[in-house]
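Below you'll find the structure, written out as C-alpha cells, and then a few comments.
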Amino acid sequence: MLLKRSRQEVQASMAIIETSGLSRHFGKTAAVEDLTLTVEAGEILGFLGPNGAGKTTTIRMLAGMIAPTKGYAVVAGHRTDRDVEQLHEVVGILTETPGFYSRLSAKRNLEYFAGFYSSIESPSKQVEKYLRLIGLWERCNDRVGTFSKGMKHRLALVRALVHEPKVLFLDEPTAGLDPKAGAEVREMIHRLGREGHTIFLSTHNLNEAEILCNRIAVIHSRLLALDTPEQLRRRFFRRQIIVQLEVLDAKLAEVVKKLPFVQEAREEENQLILELTDSERNRPELVQAIVEAGGRVISVTEKQYPLEEVYLRLVHEESGNES
Amino acid sequence: MSRRHIRNILLKEWALLFTDPNSAFMVTLLPLLIVGQVILYIWLAFRFGAEGMLSAQVFQTALQKLVEAVPGVGQLPGEEQLLVLLLSQVNFFLLLIPTMIAMSVATFSIVDEKLSGSLEALLATPVKTRDLLLGKALAGAIPALVATWISAGVFLLVVWAVGWGEFIGFVVTARWFLTLFLLTPAVAILSFMLGVTGSSRAKDARGAQNIALVIIFPVFALIGIQITGIVWFTPLLILVLALAIGIAAFASLRAAVRLFRRESIVVQWR
C-alpha cells in the first residue's frame, strides 16, 4: 500500500507555489479564470478537471512556458512571467507527450536535456544515477525509438527530475499507459513524494489522485474545490458507519435507533447504516449497546464514497451554474 | 550567450545528422555530386561548345572582364581563355552546397522537434531562444562549410587529374580564397539562419520546404550574374558582399529570435 506524507508533515513547511487571480484567455475563451491557490513545499497536489478545463494551461503558466493574461504566480520564489530562466532551473515538467529523439540512445537524450541546467556539473553522472533508479540503466545505450510507451514515460519522468527540481509538474503522467506501466509510474511518483518533492499532478485518474495526493484541486476554468480527499467527501456526504451483524432483527434495530448519539439509521439485510453525532467517539458505545442487546457484530466500517462521485457532483454543479 | 548550451545543441544535432541517412547523404555525397556535375558540364562545354560560346556576346563580355582581372589569361588561346572563365565560376557554384544542405537540414530542424514533441520539453529547460537558434544554425552550417571546402579541394584535384593543372594558377586567386573562406561562410550561416527561422514559423514540413526556396533563389541569381559577366566579382566586391551577407546573417539571428514565438509553439503544437 502506498503511504502518503501526512498533511501535518506537509504543513510544517512553507508555500512553494502561490497563485493570485491567475487567468489565461485565448481570444475570447477563458482557459483559466481567477485561479488562486497555494501549494506547500513537499505536498503532492492533485489537479483534476474535465478535458479542456485548463489543467495543462495552468501547468504551463506555472512552469513559465506561457504567460498569464491576468494575475500572477510565484513558484519556488520566482515570478513565472518574469524570472523564466531562473524558474526553469528549479522546476521540472513532464509534458503530455514524452518527446524524445528516437534515433539517439536513452542516455544521450537525457544528457542533452541535462546539459542545459547550470546545477548539473556532470550530466552523464546525473543521468546514470537516475537511469539506475528507474531500472533502465541496462538499456541506456539503446535507441529511444525501440522503447515501449511505458519506458518512454519513465524516461520522460527522469528528464523532468534530472536537475532535482524544487517543484515537479506532471501532466497526465499515466495517460495511455497499460496497467503495469501506469503502476510503475505511480510507484515512482509516490517515491518522489516520500522523498519530499513538491508535485503538481494533473490527472484524470481519480483513484491515482486519491492514492498519491495530499490535497486535490478540481478546476473547470475556475477553481471549484481544493481540499484533502476526505474533506471533499465531507462536502457532499455525511459520514456513515456500517455495522455488519450476524443477524439483524427488528428489536435490535429499535434499540440502536433509540441510542442518543444515533442521528440517522437504516437497515439493509444484516447491516445497519448509521450517522452518529461523533462517528469516532461514539463507536465503542454503539458496539457495546449492540452486544448488550444480544447482537453479534461482525464488523464496523465507515462507508467510503468514491472520489469520483464527489468529482462528478462538483463538475455537475459548475455546469449547472454555467447554464 | 551560453557556450555550454550552444555546444550541447551542436553535439546533439550532429549526432542526429549523422544517424539520419538522408541528412548524411546531403552533407557527404551531394557536394561531391555537385562538383562532379560541374566538371562534367565544363568538359562538355569546352570539348563540344567552345566555338559557339566564344562567339556569344555574353561570354565575350565575361572574358573581357576576366582578362582585365587576370591579365595573364590574355596570353592564352581563345578556347583556353573560355576554359579558365568556366573554371573561375566554380567557386560561385560551390555556394550551392551550403544553401542546398540548409534547405534539406535546417528547414526541418524545428518542425521535426515540434512534431515529435521534444521542442516543448526543450523549451521547459533554461535554454535561451538565441542559443537554441544559433546552435541549430551552426550545427548545420559547420558541416556544410567543411563539405564545401572539401569539395573545392576535390575540384582542384580533378582539374589537375584531367590535365588542366596548368590553369589552376589562374583560378586559385585572391577571388577564389575570398569566395571560399569569407563569402561561403557568410552564405552558409545566412542560409541556415533563414532555414531555421522558416522552420520555426512553418506549420508543417511542407511549409518549411516552401520557405526554404527563398534561400536558394539569391544564390542562383548570384551565379547567373557571374556567368553572364553582368557584374565581375573583384576581390573588393566579394569582400563587400561577404560583409553585407555577414551583417544580414547577424540581423537574421536577431529577427529569428523575435519571430520565435515560444508560447505559440507550446500552445499550438500538441
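Largest first and in whole Å, what are the equivalent-ellipsoid semi-axes of the range A:238-302 based on the Cα gyration tensor, each being the root of 5 times an eigenvalue? Let's see the in-between values first.
Details: eigenvalues 50, 29, 25 Å².
Ellipsoid semi-axes (Å, largest first): 16, 12, 11.
Of all the Cα-Cα pairs you can form in the range A:16-169, what percent are over 27 Å apart? Provide the component values of the computation, followed by the final result.
Details: 3577 of 11781 pairs.
Of the Cα pairs, 30 percent sit more than 27 Å apart.
Among A:Leu170, A:Gly135, A:Ser118, flag the residue with its Cα farthest along the positive direction of the charge dipole of the range A:81-207, charges on Cβ as +1 for Lys/Arg and -1 for Asp/Glu.
In the range A:81-207, that residue is A:Gly135.
Can you list which of the GluC sites (Glu not before Pro) found in the range A:97-196 are DSSP loop residues with at most 16 other C-beta atoms within 10 Å? Could the numbers behind the result be given before it?
On the way: sites: A:Glu111, A:Glu121, A:Glu128, A:Glu138, A:Glu184, A:Glu187, A:Glu195; in loops: A:Glu121, A:Glu195.
Hits after loop and neighbour filter: A:Glu121, A:Glu195.
Net charge around A:Tyr72, counting only other residues with Cβ within less than 13 Å of its Cβ (Lys, Arg = +1; Asp, Glu = -1)? List each step's numbers first, then the result.
Details: positive: A:Arg24, A:Lys70, A:Arg79, A:Arg82; negative: A:Glu18, A:Asp34, A:Asp81, A:Asp83.
Local net charge: 0.
Using each residue's phi in the range A:234-241, evaluate 6.51 cos²θ - 1.76 cosθ + 1.60 at θ = phi - 60° and report the 3J(HN,Hα) Karplus result to the nearest Hz, with x for Gly and Pro.
Result, ordered by residue: 4, 5, 10, 10, 7, 6, 10, 9 Hz.
What nm value, rounded to one decimal, do you get for the distance between B:Leu115 and A:Asn51 when each label is placed 7 Å out toward the C-beta?
My value for the distance between the label points is 2.4 nm.
Suppose each label sits 7 Å from its Cα in the direction of the beta carbon; what would the A:Arg238-B:Phe48 distance come out to in nanometres?
Output for this residue pair reads 10.2 nm.
Kirkwood Rh, Cα Rg: Rg to Rh for the range B:127-270? Please list the in-between numbers first.
Details: Rg = 18.1 Å, Rh = 17.1 Å.
We get a ratio of 1.06 for the range B:127-270.
Rounded to the nearest 500 deg cm²/dmol, what is the calculated helix-only ellipticity per residue at 222 nm for chain A, with -39500 (n - 2.57) per DSSP H run of length n ≥ 4?
Details: 12 runs with 119 residues, N = 323.
Computed ellipticity for chain A at 222 nm equals -11000 deg cm²/dmol.
Compute, for the range A:58-113, the length of the dipole vector about the Cα centre, with Cβ point charges of +1 (Lys, Arg) and -1 (Asp, Glu) only. Units Debye, rounded to 20. Walk me through the numbers before you get to the answer.
Working: 7 positive and 6 negative charges, 30 e Å.
In total the dipole reaches around 140 debye.
Please compute the Kirkwood hydrodynamic radius of chain B from all pairs of different C-alpha atoms, in Å with one decimal.
Working: mean 1/r = 0.0506 Å⁻¹.
Computed over chain B, the radius equals 19.8 Å.
Let me know the charge dipole size of the range A:1-157 about its Cα centre in debye, to the nearest 20, where only the beta-carbon of Lys, Arg (+1) and Asp, Glu (-1) is charged. Write out the running numbers ahead of the final one.
Details: 21 positive and 16 negative charges, 129 e Å.
In total the dipole reaches around 620 debye.
Using DSSP, restrict attention to beta bridges with both residues in the protein assembly as shown and report what percent are antiparallel, rounded to the nearest 5. Please list the in-between numbers first.
On the way: 36 of 53 bridges.
The antiparallel fraction comes to roughly 70 percent.
Would you work out which of A:Val262, B:Leu253, A:Thr57 lies farthest towards the positive end of the dipole of the protein assembly as shown? Charges go on Cβ: Lys and Arg +1, Asp and Glu -1.
Of the listed residues, the answer is B:Leu253.
How about the range A:205-308: which GluC sites (Glu not before Pro) there are in a DSSP loop, with at most 11 other Cβ atoms within 10 Å of their Cβ?
On the way: sites: A:Glu208, A:Glu210, A:Glu230, A:Glu246, A:Glu254, A:Glu264, A:Glu267, A:Glu268, A:Glu269, A:Glu275, A:Glu280, A:Glu285, A:Glu292, A:Glu302, A:Glu308; in loops: A:Glu246, A:Glu269, A:Glu280.
Sites meeting the loop and neighbour criteria: A:Glu246, A:Glu269, A:Glu280.
Let me know the mean shielding of A:87-99 by other chains, meaning the per-residue number of their Cβ atoms within 10 Å of its Cβ. Can you show the working numbers first?
Details: counts 2, 5, 2, 1, 1, 2, 5, 2, 9, 3, 7, 4, 10.
Mean partner shielding for this stretch: 4.
Scanning chain B for helices, which whole DSSP H stretches are 24 Å or more long along the axis (Cα) and average -0.5 or more by Kyte-Doolittle?
Long hydrophobic helices here: B:21-48, B:129-159, B:184-201, B:205-228, B:235-259.
Test of understanding: in a Gaussian network model of chain B with alpha carbons linked when under 10 Å, which of B:Leu96, B:Leu122, B:Leu134 would top the mean-square fluctuation ranking?
Sorting by GNM fluctuation, first place goes to B:Leu122.
So, with +1 on the Cβ of K and R and -1 on the Cβ of D and E, and no other charges, what is the size of the charge dipole of chain B about its Cα centre, to the nearest 20 debye?
1260 debye
Give me the Kirkwood hydrodynamic radius of the protein assembly as shown, using the inverse of the mean 1/r over all pairs of distinct Cα atoms, in Å to one decimal.
Details: mean 1/r = 0.0347 Å⁻¹.
This gives a value of 28.8 Å.
Once the Cβ-Cβ distance between A:Glu264 and B:Leu11 is put in as r, and R0 is 60 Å, what FRET efficiency do you end up with, to the nearest 0.05? Spell out each step's value before the answer.
Details: r = 69 Å, r/R0 = 1.16.
In this case the efficiency is close to 0.30.
Which FRET efficiency, nearest 0.05, do B:Asn210 and B:Leu33 yield, Cβ-Cβ r, R0 22 Å?
Calculated value: 0.35.
Report the calculated FRET efficiency for A:Thr38 and A:Glu85 (r = Cβ-Cβ distance, R0 = 25 Å), to the nearest 0.05.
Details: r = 24 Å, r/R0 = 0.97.
Rounded to the nearest 0.05, the efficiency is 0.55.
What do you get for the angle between helix A:307-322 and the principal long axis of chain A? Use alpha-carbon atoms, 0 to 90 degrees, nearest ten.
Its long axis makes an angle of about 80 degrees.
Taking only Cα atoms and a 10 Å spring cutoff, compute GNM fluctuations for chain B and point out the largest among B:Arg258, B:Arg201, B:Arg130.
Answer for the Gaussian network model of chain B: B:Arg258.
So for the pair B:Ala161, B:Val58, with labels modelled 7 Å out along Cα→Cβ, what separation do we get in nm?
3.0 nm
P(r) for chain A, please, calculated from all Cα pair distances in 10 Å bins and given in %.
Histogramming chain A at 10 Å steps yields 5, 23, 26, 20, 13, 8, 4, 0 percent.
Rounded if a/c is under 1.5, else prolate if a/b beats b/c, else oblate: with a ≥ b ≥ c from the C-alpha gyration tensor eigenvalues square-rooted, which is the range B:87-133? Show your work: numbers first, answer last.
On the way: a/c = 8.03, a/b = 2.70, b/c = 2.97.
The shape class here is oblate.
Rounded, prolate or oblate, given the Cα gyration tensor of the range A:117-212, with a/c below 1.5 counting as rounded? Present the calculation step by step, with values, prior to reporting the outcome.
On the way: a/c = 2.11, a/b = 1.23, b/c = 1.71.
It comes out oblate by the Cα gyration axes.
Kindly identify the range B:1-79 as rounded, prolate or oblate by the Cα gyration tensor criterion: order the square roots of the eigenvalues as a ≥ b ≥ c, call it rounded if a/c is under 1.5, otherwise compare a/b with b/c, prolate if a/b is larger, else oblate. Working shown, then result.
Values: a/c = 4.87, a/b = 2.32, b/c = 2.10.
Prolate.
Considering chain A as a Gaussian network with a 10 Å cut-off on Cα pairs, which listed residue, A:Val167, A:Val39, A:Val297, attains the greatest mean-square fluctuation?
It is A:Val297.
Net charge near A:Asn109, counting Lys/Arg +1 and Asp/Glu -1 over other residues with Cβ under 15 Å of its Cβ? Present the calculation step by step, with values, prior to reporting the outcome.
Numbers: positive: A:Arg103, A:Lys107, A:Arg108, A:Arg139, A:Arg143, A:Lys152, A:Arg154, A:Arg159, B:Lys12; negative: A:Glu111, A:Glu128, A:Asp142, B:Glu13, B:Asp112, B:Glu113, B:Glu120.
My count for the surroundings of A:Asn109 gives +2.
For B:Thr228 and B:Arg3, compute 0.36 nm times the residue count separating them, minus their Cα-Cα distance, and round to one decimal in nm. Present the calculation step by step, with values, prior to reporting the outcome.
On the way: separation 225, 0.36 × 225 = 81.00 nm, distance 4.36 nm.
Extra length available between B:Thr228 and B:Arg3 comes to 76.6 nm.
Take the range A:78-174, compute every pairwise Cα distance, and split them into 5 Å bins from 0; I just need the percent in each bin.
That works out to 3, 14, 25, 25, 19, 9, 4, 1, 0, in percent per bin.
Here, each number is a calculation from the coordinates, and none is a lab measurement. Predicted model only: the values in this text are computed from it and were never measured. For neighbour counting, all protein chains shown are included, and Cβ atoms are generated from backbone atoms with ideal geometry for every residue, glycine included.
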